[in-house]
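Step one of this worksheet: look at the structure below.
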Amino acid sequence: MRLIIHAGSPKTGTSKLQQHLSETRTELLESNRTLYPNAGRNFANESFDRHVGLRFAFRDPEADPDGLETDVGIDGPVARKNYREEFIREFDSEIALTNPEIVIVSDEALFRFSEPQLWKSIREFFESRFDEILVIVYLRRPDEYITSWYSQCVKMGEKMPLGDFTTQACDEGNQRLVKLDTIATAFSKESLSVRPYIPAGRSGHDIVADFAEAAACTLGTATSELRNTSLSAFGCEILRNINCAYEEGGRPEVFRRIASQKFPGEPAQLNRNQIESVHSAFYAEHQEIVKRYMGGDSRKLYQYDDMLQAPIKHQEENIEEMAKEVASALVELRRFHFNQSARQPEPITTRPASHRFLDRIKAIACKTRT
């Protein structure tokens, strides 16, 4: 029995792959004897496409719970111990019931929060249950990773402009090499497959097909529309300005839903100076990664020329001012609805007038940009 651990990294098509594996779970099991377990994905108050519970079960028992753990009811060491026992019981029960040939687990947080203790505990749990284990990690070109991650952070409340965010990312680095070494130490270098992530649509690339090739299994073709899409440059700037209108953590979630629904698209792009800064910050690490884990061919991950030759889409000079005005109007509109009702108002997205208001803003913005 083989185990495939998909460990991300973040912003490398993980949502699309996990959504596909979750939606085709029954078909994969019946047709290919490939199991995408429910253990680690389903909680009393929430379900996930990814195995968030794998990290919860095997991280340091005494570690303070993070926000996601608290959301699903794991609020301390006792709760984590109880959840670990529950996870092991559910996982072993699924294996016994389905008798698969291949088991796939997936969570990009395994890479993002990679630490020796976590991976050691994961290895100790799985090595007694599987004959073969392969860990697959995708890495993305750093400039594309930064802009995509920035879009995600703005959804979560980030107030920093993209330029400052990029500078901070360059200063901190992504520590990708350290994380890869941690995984290779826990398992082995031979058990780790590091692959370049190519965004969907570029040269017909598809993350589901690429992962199936890496895992040597059959996964079918991804057909569902992706639920977790990036914000366009304009939408990202609107939401960032809305974030700035509220205290830390105080932004109503409805604004994230509005931005995601009304302003999806390609994220903002870095200018040439920012690209050069990113290249300088990540080049040495990039070279060492391809040397250790990708056969020494630097072209397998990315080339500096690729970053410079990427098509730069026209972005109007007044995009920041436009977004600021729209954000201000949305905040005022929501406050108007609160003031007009003595009871708790319905979400803004359920009001037809609000929909018409937002559609007009989007139409005006698109007309201005052309």
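Throughout, read-outs are computed from the coordinates displayed, never taken from laboratory work. Given the structure is predicted, the values throughout are model-derived calculations rather than measurements. For neighbour counting, all protein chains shown are included, and Cβ atoms are generated from backbone atoms with ideal geometry for every residue, glycine included.
General observations
- Note on Asn228 and Ser128: their simple-model spin labels are 3.2 nm apart, each label 7 Å out from Cα toward Cβ.
- Of the GluC sites (Glu not before Pro) in the stretch 21-99, those whose Cβ has at most 14 other Cβ within 10 Å and which sit in DSSP loop: Glu46, Glu62
- Which listed pairs, of Lys16/Lys159; Lys179/Lys262; Lys11/Lys81; Lys179/Lys324; Lys159/Lys179, have C-alpha distances above 32 Å, in listed order: Lys179/Lys262; Lys179/Lys324
- Relative contact order, whole percent, for the stretch 1-159 stands at 44, derived from Cα pairs under 8 Å and 6 or more residues apart.
- Estimated at 0.36 nm per residue, the fully extended path between Phe48 and Glu213 surpasses their Cα-Cα distance by 56.9 nm.
- Charge tally around Arg80: other residues with Cβ under 12 Å, Lys/Arg +1 each, Asp/Glu -1 each, net -4.
- Working note: Karplus 6.51/-1.76/1.60 with θ = phi - 60° gives the stretch 229-239 the couplings 9, 6, 7, 5, 4, 5, x, 5, 5, 4, 5 Hz, where Gly and Pro are set to x.
- Near Phe165, once Lys and Arg are set to +1 and Asp and Glu to -1 for all other residues with Cβ below 13 Å from its Cβ, the sum equals -4.
- Annotation for the stretch 117-191 versus the stretch 27-64: alpha-carbon center distance of 18 Å.
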